[in-house]
Amino acid sequence: MSESLLKKPAVHPFVECPNCKQLLEYGADVCPRCREEIDSDYALVSAVVVHHNTQACSLANSIKGGDAFAYIAIAGSAFIYAIDVYAVGSLALFYFIVLWPVMPLLIILVWFIRFGRFRIGDEEYLRAKREMRGSLLLWLAILAVQLIVIWASWSRPPST
């Protein structure tokens, strides 16, 4: 992926027909499907809403694709924990593994700051918002398990 997840994706402005909900290019005066006239004030508001929804959904799809790494992070955490405990005798490397969930969590939080409070979203936007909540919970769970492992290792009496 060549674009940053923190930048806004490029979106072509469209207007949603108030009658049949078909997407039209911005500037259309009449819907070719139902012949509904498109008011210029409505077109501007609709274009902003469609643009915002499209950006939110596009970015959410990109972020959701990163959830595949969550399973690698779980397996990698278990592997590095085993190496640290049985080979090294401390959790020196495991402490750095806690940073793995931080970047996805930050990106998801940025998504919620930018798009999470939008009230006029369509069904696709609402689905994207649910997926972002699921991604947030997934990465928070991974981070919580890693922190519990570290806390348990600190509270365990040292072996002699």
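Modelled spin-label separation between Val145 and Tyr86, with each label point placed 7 Å from Cα along the Cα-to-Cβ direction: 1.8 nm. Annotation: for a label point projected 7 angstrom from Cα along Cα→Cβ of Phe118, residues of region 39-79 with backbone N closer than 12 Å are 47-61.
Treat the count of other C-beta atoms within 10 Å as a stand-in for reagent exposure and order Ser58, Ser135 from fewest to most. All intermediate terms of the calculation are to be shown ahead of the outcome.
Numbers: Ser58 16, Ser135 21.
With the fewest neighbours first, Ser58, Ser135 line up as Ser58, Ser135.
Think of it this way: in the chain, Cys57 stand alone, with no other Cys Cβ under 4.7 Å. Mind checking the angle between helix 40-65 and the chain's longest principal axis? C-alpha axes, 0 to 90 degrees, to the nearest 10. The helix 40-65 is inclined about 20 degrees to the chain. Shape analysis of the chain places it in the prolate category; the axes a ≥ b ≥ c from the Cα gyration tensor give an a/c of at least 1.5, with a/b above b/c.
For a test of the definition: using alpha carbon positions, the gyration tensor, and the 1.5 limit on a/c, classify region 86-135 as rounded, prolate or oblate. Since a/c reaches 1.5 and a/b is larger than b/c, the shape of region 86-135 is classed as prolate.
Only the coordinates and a few stated rules stand behind these numbers; no lab work does. Treat the numbers as computed from the prediction; the structure is a model and nothing was measured. Because the Cβ atoms are built from the backbone with ideal geometry, glycine has one as well, and the counts that use them run over all protein chains shown.
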